[in-house]
1. Run down Ala56, Ala41, Ala29 and say which single residue is under 27 Å from Gln170 (Cβ atoms), at pLDDT 90 or above, among the small types (Gly, Ala, Ser) and touching a strand residue (DSSP E or B) at 6+ places or on another chain (Cβ under 9 Å).
2. Sort out which residues of the range 98-157 are basic (Lys, Arg), out of contact with any Phe, Trp or Tyr (no Cβ under 9 Å at 6 or more places or on another chain) and not in a loop (DSSP other than H, G, I, E, B), and write them in order of number.
3. Quick check on the range 92-124: of everything there that is of a type in the set (A, V, I, L, M, F, W, C) and buried (at least 16 other Cβ atoms within 10 Å of the Cβ), which residue is farthest from Glu174 (Cα to Cα)?
4. Which condition number does Phe177 fail, the rest of (1) touching a residue at least 60 places away in the same chain (Cβ under 8 Å); (2) under 30 Å from Ile195 (Cβ atoms); (3) out of contact with any helix residue (DSSP H, G or I) (no Cβ under 8 Å at 6 or more places or on another chain) being met?
5. Find the residue count for the range 167-203, including only residues that are among the aromatic types (Phe, Trp, Tyr), touching a Pro at 6+ places or on another chain (Cβ under 9 Å) and within 12 Å of Glu151 (Cα to Cα).
6. Name the single residue that is surrounded by the most Cβ atoms within 10 Å (Cβ to Cβ) among those in the range 179-206 being of a type in the set (Phe, Trp, Tyr) and modelled with pLDDT of 90 or more.
7. List, please: which pairs have Cβ atoms under 8 Å, are six or more places apart or on different chains, and start with a residue in the range 41-61 that is without any contact (Cβ under 8 Å) to a residue 24 or more places away in the chain and end with one that is crowded, with 23+ Cβ neighbours inside 10 Å?
8. Hey, Met133 hits all of (1) over 28 Å from Glu181 (Cα atoms); (2) touching a residue at least 24 places away in the same chain (Cβ under 8 Å); (3) of a type in the set (A, V, I, L, M, F, W, C) but one; which does it fall short on?
Amino acid sequence: MKKTFVIAISVLALAGCETMPVSSSNPNAGLSTTGEKGLVAFGLQSVDFEYAANQAVQEFLESSFSRKPGGGRWVVQMGEVVNDTTFRIDTASMTSRMKRAMTKTGQFIFTGATGRDRTDFVADSRQLSRSAMFDKSTVAKQGTVVAPDLEMLGGIRQRTVVSADQSRQQLEYEFDFRVVERDTGLEIFQAFIPIEKLGSNKSFAW
């Protein structure tokens, strides 16, 4: 009986020590990718990448530069996206979502010949004409690769704000994306998407 009483007191003590939940300025925070209720953490999650990607693409589509003069599709090169946070982030989690959303509009097509997403396939296939193994009529010809019109690049930054009593922290994330036009070198668009997360210091996993 005494042992049961001690265990009960321990459980109550632990419950009383629970930290405040993490809250986020992302309106979709707390939802999993299936739309069910999920966990809100200080780190960046799939719902954060999805939200930032959709916001950035929507802002670009609303700008006058989203449509190519004379019609047709912009050919876009993916540039570097710098991770300037304390987390190990695969920035493709963000850029892949942006590429998918932009391609669906029919106004953009991304190149695999240049930029961060460059593959060896395009350049290597041009060398096949030198090999006797390959049918020359099926080999890619020189001078046929389409050059990109635009480059999309940016960064993900983070700042940490600690409350005066050291009990709470707020992480401020900034998703900053730019689009640069090839011929003029002008930056024709910028999207700046902030996400803030607030919670107890005890909520940190590190």
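The values are calculated or read from the model by the stated rules, or taken from the named source; none is laboratory data. Keep in mind the model is a prediction, meaning the values are calculated, not measured. As a convention, Cβ positions derive from the backbone with ideal geometry for all residues, glycine included, and neighbour counts pool all protein chains shown.
1. Ala56
2. Arg100, Lys104, Arg126, Arg130, Lys136
3. My answer is Ala113.
4. Going through the list (1) touching a residue at least 60 places away in the same chain (Cβ under 8 Å); (2) under 30 Å from Ile195 (Cβ atoms); (3) out of contact with any helix residue (DSSP H, G or I) (no Cβ under 8 Å at 6 or more places or on another chain), Phe177 breaks only (3).
5. The total comes to 0.
6. Looking at the filtered set, the residue picked out is Phe189.
7. Val47/Asn26
8. With respect to (1) over 28 Å from Glu181 (Cα atoms); (2) touching a residue at least 24 places away in the same chain (Cβ under 8 Å); (3) of a type in the set (A, V, I, L, M, F, W, C), Met133 is out only on (2).
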